[in-house]
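One structure is given below, encoded as structure tokens.
The values are calculated or read from the model by the stated rules, or taken from the named source; none is laboratory data. Computed from a predicted structure; not experimentally measured. Backbone-built Cβ (ideal geometry, glycine too); neighbour counts: all protein chains shown.
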Amino acid sequence: MKNENLYNYILGIADNSLILGQRLGELTGHGPNLETDIACTNISLDLFGQVRSYFQYASKIAGDGRSEDDIAMLRKERDYKNVLLVEQPNTNFAYTIARQFLFDAYHLVFLRELQKSSDLTLAAIANKCIKEVSYHERFSSDWVRRLGDGTEESKSKMQEAIADLWVYTDELFHQTEADKAMVAEGIGIDVIKLKEEYYNYVAGVLEESTLEVPDIKYFQKGGKQGIHTEHLGYILVELQYMQRAYPNMEW
Amino acid sequence: MTTTEQIIDKSLIAILEQVSDPEIPVLSIMDMGVVRSAVFEDGVVKVEITPTYSGCPAMDVIGDDIKKALEEAGYKSEINLILHPAWTTDWITPRGRKALEDYGIAAPLEAETDKDVLLHGKKIVKCTNCGSQNTRLVSQFGSTACKAQFQCEDCQEPFDYFKCLK
């Protein structure tokens, strides 16, 4: 492939939204109440819509006949480049919200920068997505505050979820080979520069929520290289089932 | 690329106005601002539409409905989805805003007031049933991605608010 770095760069962005969207989709009909159920699945729908834009572009770059659906459904586990954070399970509502907030806060600053990409298609997608993601972040940060500064039980659950998922945040700011090549070309975003802003912002929201910022120095990584936690395999089984069982089926 | 102007061939306006948003049937796609251009090129009508939200499931249906409406009028057409410039609630026409309100969906406010309402619980959104501003946000996400759920504290009517997107 002529433009392999760009292709991998797009997948690195899109896979985060795809896997998080799938995770949120699991809550369809299973949310803690009707409103949050609808909110989580609406966010899922936004993310899938964004993924379509990215994969349609990736399909064009690949230029080998692979469609957006092939890229979404027919890769093996090691070929998914999402960060470990987004594949973590919906252990309870606090975990769903903590995962969403820790990702949304990153997603917002990332898209803000991606709008300046010299690649006009990526810049246009970012410009579209950021409007939706700002609503996601309002929803998730609002719930972090409500649960954190809520009852004794909601606070302890929220604190536990933040502490458990914190180890996956550092990976958001790791650069892959494709990232480095794209940054050099003015297409990609230098995520390292966003790290300080991210942690400052997250700490601010946690403080407002009367939650503690975890003091953890050891972080998990691997997703960007395709080395995932055990959870991804199960997600893919559900995501890919129909295409594997009935190849080339269309909805 | 950055133009926000609509380029619609005059002879096509009436046809396109008949096509409605499948999720808000009272609203024509023209009043919604999703049709960005419709012009004749080599005897084919080329139409560009832009999604309200990336994942909006109505876009495929809207594309099909436009094709069908143009076909009935005797035109062949080609529909393209464009992302840039990104759709904004500013493109909903005054007639469109009125149609939304009449249908029971509160029309979008300005960006700053929208934030006050959704984040700080300010009572600004008017109930579409009784007009009272004594309304409460039930959820930031409603029956579709573009709406939030509200309830009127005076007449108790639940209603949707079309979120500001800029």
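Structure data summary
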| quantity | calculated |
| --- | --- |
| Pick from segment A:41-70, criterion over 16 Å from A:Leu239 (Cα atoms) and among the basic types (Lys, Arg), ranking: nearest to the other protein chains (Cβ to nearest Cβ) | A:Lys60 |
| Any chance A:Leu165 is away from chain B (no Cβ under 14 Å) and either assigned to a helix (DSSP H, G or I) or within 17 Å of A:Glu113 (Cβ to Cβ) (or both) | yes |
| When residues of segment B:1-60 are limited to those that are assigned to a loop (DSSP other than H, G, I, E, B) and acidic (Asp, Glu), the one nearest to B:Lys166 (Cα to Cα) | B:Glu5 |
| Exclusive hit being within 19 Å of A:Val183 (Cβ to Cβ) and either touching a Lys or Arg at 6+ places or on another chain (Cβ under 9 Å) or assigned to a helix (DSSP H, G or I) (or both), set A:Ile38, A:Ile10, A:Ile19 | A:Ile10 |
| Selection status of A:Arg78, surrounded by fewer than 20 Cβ atoms within 10 Å (Cβ to Cβ), modelled with pLDDT of 95 or more and either assigned to a loop (DSSP other than H, G, I, E, B) or not acidic (Asp, Glu) (or both) | yes |
| Selected residue (criterion: nearest to B:Ala107 (Cα to Cα)) from residues of segment B:61-85 that are among the acidic types (Asp, Glu) and in a helix (DSSP H, G or I) | B:Asp65 |
| Search result, residues across segment B:63-91 that are hydrophobic (A, V, I, L, M, F, W, C), more than 14 Å from chain A (Cβ to nearest Cβ) and in contact with a strand residue (DSSP E or B) (Cβ under 8 Å, 6 or more places away or on another chain) | B:Ile66, B:Leu70, B:Ile79 |
| Residue match in segment B:63-79 (condition: farther than 20 Å from B:Ile13 by Cα and surrounded by fewer than 18 Cβ atoms within 10 Å (Cβ to Cβ)) | no |
| Matching entry among B:Asp116, B:Asp90, B:Asp60 (being farther than 21 Å from A:Tyr135 by Cβ, surrounded by fewer than 20 Cβ atoms within 10 Å (Cβ to Cβ) and of a type in the set (Asp, Glu)) | B:Asp60 |
